[in-house]
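Below is one structure, written out as structure tokens, with a few remarks after it.
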Amino acid sequence: MTTIAIGLDSADPFLFEEMLAAGALPNFRKVRERGAYGRLANFDIFTAELPWTTFATGVPPEETGYWTPLKYTRDYKVHTRAAYEYDEYPPFFALDRKRRVCCFDVPQVRLQKSLNGMQFNAWGAHSPQVPQLSNVPDVFRQLIAKYGEHPGLHDDYAVALDMDNTKKVYERLMTGIARRGKICVDLLRREPWDLFLTVFGEPHGGGHNLWQFEPGHPLCTESIPGRELLPQRPMWNIMQAIDTALGEILKVAPKDANIVLFSPHGMGPNTMDLPSLLFLPEFMYRWNFGRAALGQVDDLVDPFTEQEWGSWFRHVWNTNAQGDSLIRLARKHLPSRLYDRVAPHLEPALHCQPMNPVIAERRYPDLPAWQPALWYSNCWPQMKAFALMSFSEGYIRLNVRGREKEGIVEPADFQAVVNDICNELKLLKCARTGTPMVKKVLVTRQSATEVDKKLPDADIVISWQETFATDAVSHPEYGRIGPVPHFRAGSHRHTGFMLMAGQGTAQNAKIVNGHALDIAPTILAMMGGQAPAYMKGKPVKVMPISVGAPAL
């Protein structure tokens, strides 16, 4: 019997349920009526970086040792690790060599030599973290020749106020969905797979770039120049296009096929990027040096609807409080092409202040220079603690003597410094609402001497409040940082969902107490297999819905 498992990367359960209730997703609705639905919990730290490794292995990060695609080293360098290596814990779909498997475009899963079937990597996944490869390269080339490349591969990024690029991203995603659906139909027709596994990555890119048009986002009711270029709620269009593709897939699926539709994590207004990428690095700079660098703005102006020079990076860098009058004049008034040429000479990288993003991009071509945390990296040896680069929560590393190359914090003082930082962070508030910014703090090691290689690089992990996507924060001693323009419109939430139908699944039922770790064991069980003992999840529990209860 065939099991068809289709992931929806970062599809938000609340948006999904709203659209399902409105009748906007008829093919998802058909599966819902045949089976069970429920939300899935996930880890509330490293929210953006763990879900696909967790899904593929069925193992939590403290056992895989995989936390982020970036790796910090003691010489204050950051390197790209990319996807988990899968040497200790293989992906679940490659465990049984007797079963035929087709795995198309699952993000962050390396090519598996042991797979009995076909695997295609990085056709169009958002942030695939693996190269475009296949164990059947001739078939991959044929598929691309027939249906085309995904136009959004490594090109589905825009900032919230850039409507021209946002429109391009939207169009790339819509094209990619249609092509993905056709490729899935083609692959399903080739043979009766035991497992057909794919992931629609478009909700991920869409959520990051289109969430400013969703109710509840601070920009939703603002008059952004060029707003008319896009639909009223483009995320609805994204999800409806996926629903159409799902309908075509179901038409060619075996009538008795098991169906699993899932999202390991969700999306919402971006409460994560500005705090982790900009506010935390700047806060740590002020905590160390007692002076401001970036984010110096005179007034708490209304949310920006335009950026200086049309560039988020340039706008943020122009809030720099440091430099003489000539440098400040150049920042504000030189056209970007000219400024990019002269900036490295006007503002050379110094150990006492953040480096110009133009320098950062040239010095670290393999790293995301759009992250302001990287701009501060030349200061790290002089700081007691600093913010690491992040794609989700805030990460802080202490500069410990004997651990770091030029460490200045004595190992015996580790806990005292951690406590001081955590106490100061608790005073950080949203400058617009007064909401405390820190929701949760995790200290990952009890002492600087812990050497477990599976621990994360960060000594402190900060989960931010999710009630308001702020563009400015304030602290009673270190002042206000911002406002600055919103960066990406959407950020991740740790709640996903699962929708399943097929043999042994009650109709119109409810999945209860599910977790993302349960996805792999559930799929294995539907295939008639059993999860390895090392997996921490289990097949999800399904319960009938009581009479009169909502079908969702």
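Table for the structure above
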read-out: Residues of the range 378-389 satisfying the condition of being open to solvent by less than 10 Å² (accessible area, probe 1.4 Å) and part of a helix (DSSP H, G or I); value: 379, 380
read-out: Within the range 1-90, strands (runs of 3 or more DSSP E) holding 3 or more residues that are open to solvent by 30 Å² or more (accessible area, probe 1.4 Å) and within 23 Å of residue 459 (Cβ to Cβ); value: 77-80
read-out: Residue list for the range 354-366, restricted to those being touching a helix residue (DSSP H, G or I) at 6+ places or on another chain (Cβ under 7 Å) and not hydroxyl-bearing (Ser, Thr, Tyr); value: 354, 355, 356, 357, 358, 359, 360
read-out: Test: residue in the range 115-132 that is among the hydroxyl-bearing types (Ser, Thr, Tyr), open to solvent by less than 40 Å² (accessible area, probe 1.4 Å), over 30 Å from residue 232 (Cα atoms) and outside any helix (DSSP H, G or I); value: no
read-out: Hits in the range 434-473 (condition: open to solvent by 70 Å² or more (accessible area, probe 1.4 Å), without any contact (Cβ under 8 Å) to a residue 60 or more places away in the chain and of a type in the set (S, T, N, Q)); value: 446, 449
read-out: Residue check for residue 504: assigned to a loop (DSSP other than H, G, I, E, B) and in contact with an Asp or Glu (Cβ under 8 Å, 6 or more places away or on another chain); value: no
read-out: Matching residues in the range 268-302 - criterion: being open to solvent by less than 30 Å² (accessible area, probe 1.4 Å), farther than 15 Å from residue 379 by Cβ and part of a loop (DSSP other than H, G, I, E, B); value: 270, 271, 272, 295
read-out: Residues of the range 95-152 satisfying the condition of being touching a residue at least 24 places away in the same chain (Cβ under 8 Å) and over 21 Å from residue 56 (Cα atoms); value: 143, 146, 147, 148, 149, 150, 151, 152
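So that you can scan it fast, the table gives a plain yes or no per residue for (1) at pLDDT below 95; (2) in contact with a Ser or Thr (Cβ under 6 Å, 6 or more places away or on another chain); (3) closer than 18 Å to residue 235 by Cα; (4) surrounded by fewer than 22 Cβ atoms within 10 Å (Cβ to Cβ):
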residue: 147; (1), (2), (3), (4): no, no, no, yes
residue: 159; (1), (2), (3), (4): no, no, yes, no
residue: 165; (1), (2), (3), (4): no, no, yes, yes
residue: 175; (1), (2), (3), (4): no, no, yes, yes
residue: 178; (1), (2), (3), (4): no, no, yes, yes
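The values are calculated or read from the model by the stated rules, or taken from the named source; none is laboratory data. Please read all numbers here as calculations on a predicted model, not as lab measurements. With ideal geometry, Cβ positions are generated from the backbone for all residues, glycine too; neighbour counts draw on all protein chains shown. All accessible areas refer to the heavy atoms of the entire protein, side chains included, with ligands and DNA or RNA removed. Shrake-Rupley method; radii C 1.70, N 1.55, O 1.52, S 1.80 Å.
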